[in-house]
Amino acid sequence: MRRAVFNLDEEAQIVSTSGCENKQMTNAPVKPLPKISCKNIWKLYGAKASSLLDNGKKPDLETLRKSGVIGAVRDVNIDIMEGEIFVIMGLSGSGKSTLVRCLSRLVEPTAGEMQFDGIDLLKASSSEMIEIRRRKMGMVFQQFALLPHLSVLQNVAFPLDIQGVSKKNAIDRALDVIELVGLKGRENYYPRELSGGQQQRVGIARSLAVEPELWFLDEPFSALDPLIRREMQDEFLRLQQLLQKTIVFITHDFDEALRLADRIAIMKDGEIIQVATPENLLLNPATDYVAEFTRHVPRDKVLTVGSIMSQMTHASGNPVRNNARIADIARSVLTANHPLPVIDENCKIVGSIGKNAVLDVLTTNGDMR
């Protein structure tokens, strides 16, 4: 293996640089643009609910309750960035599913603004929204909703048939996504002949067949057994690496959110309490509710090396990446005789990490406070 020399202050150390050979400096990442932007989105249920929002009013929860109105979604302001997995979490009844249905206008918001690729969704006609959903939005829900009398191939091609795509092109596209989700060879099976995980893959393939720009998934894996659920999460991450979709994903499982999310939104009583990366939720909870919500989350699976490393660069041995999770590098650090260097995406030394920092995370794992 080729080896390279890194300068660690005054001392040069030779370290293994697997993946760093011929590494070129990367430019600053381009900041993604919002795929969908929401401003002051409300969904109220009850008699004369909309009148409570007249003249820009923002009624609190107590006012809504006294008026006999249910605040399913309350004054939500979010930007969901292009290419990110945006996870929405909250207890049952917190408004997660209603919010997602507002984003696609399957449920009509009571008030607010929504921009999707420059299109004002709340001003779009019913026929325009149907076309947007058919061609730009994909949806996968907990219930697979497969058509029992159609084969896998026919189920996946179904939305393309609705679009008026020619039969040959629809079949070719359906075969491509069936292979993509790992069901090649089962094209002629019927839903009753498939396992739960395989049925969910058909649902995912069907939603991908239209090549959506925005993908909504509402607890798609919650009905699956734990092992199958884990496999589907792995499959989901593989697909996202290939396709780079903008994804809004609802789950009540924090472990699932940690595996999948770029950012997480925590909801309570129809309101978004905090939006942050998994790491920032743990390190900087905005409220006591968020702190309690994340109390038992395994810190080593969330925190990155960069969040606990020392700025001192006196270190030697195989480097670890600053974006690596503590769980993934703990053994290497704990068995080393000295702190290990930390490198960034350009293989530049940015700090070091030693046993004490890792042990501090592990000994407070699952109970930060």
Per the rule of 0.36 nm per residue minus the C-alpha distance, extending residue 70 to residue 283 adds in nm 73.4 nm
Partner lysines whose C-alpha sits under 29 Å from that of residue 167, ignoring same-chain residues fewer than 8 away, are 136, 184, 245
Within the set 35, 96, 58, GNM on the chain using Cα springs under 10 Å gives the largest fluctuation to 58
Quick calc, residue 60 & residue 179: beta-carbon distance into FRET formula, R0 56 Å, rounding 0.05, result 0.60
per DSSP, antiparallel bridges as share of beta bridges in the chain, % nearest 5, sits at 60 percent
Residue separation between residue 192 and residue 292 times 0.36 nm, minus their alpha-carbon distance, gives in nm 31.8 nm
Partner lysines whose C-alpha sits under 22 Å from that of residue 268, ignoring same-chain residues fewer than 8 away, are 39, 43, 57, 58, 66, 96
A convex hull over the alpha carbons of the range 298-369 yields, per residue, a volume in Å³ of 76 Å³
The range 194-227 scanned against label point 7 Å out from residue 234 along Cα→C-beta; backbone N under 13 Å for 227
Hull volume per residue for the chain, using the convex hull of the C-alpha atoms, in Å³ is 187 Å³
Among beta bridges assigned by DSSP with both residues in the range 298-369, the antiparallel ones amount in percent, to the nearest 5, to 75 percent
For residue 274, other-chain or 5+-apart residues with amide H closer than 5 Å (H placed, Pro excluded) are 266
For residue 43, other-chain or 5+-apart residues with amide H closer than 5 Å (H placed, Pro excluded) are 72, 73, 74, 75, 110
Packing-ranked peptide list from 44-56, 340-352, highest mean Cβ count within 10 angstrom first, is 340-352, 44-56
If the chain between residue 161 and residue 330 were fully extended at 0.36 nm per residue, the gain over the current Cα-Cα distance would be 55.7 nm
For the residue 33, residue 149 Cβ pair and Förster radius 45 Å, calculated FRET efficiency rounded to 0.05 is 0.60
Distance in Å, no decimals, from the C-alpha centre of the range 38-68 to the one of the range 307-369 is 49 Å
FRET efficiency for residue 223 and residue 51 from the Cβ-Cβ distance with R0 = 56 Å, rounded to 0.05, comes out at 0.90
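Bear in mind these aren't lab numbers, they're just calculated from the coordinates by the rules spelled out. Small disclaimer: the values here were computed from a predicted structure and weren't measured. When we count neighbours, we look across all protein chains shown, and the Cβ atoms used for this are built from the backbone with ideal geometry, even at glycine.
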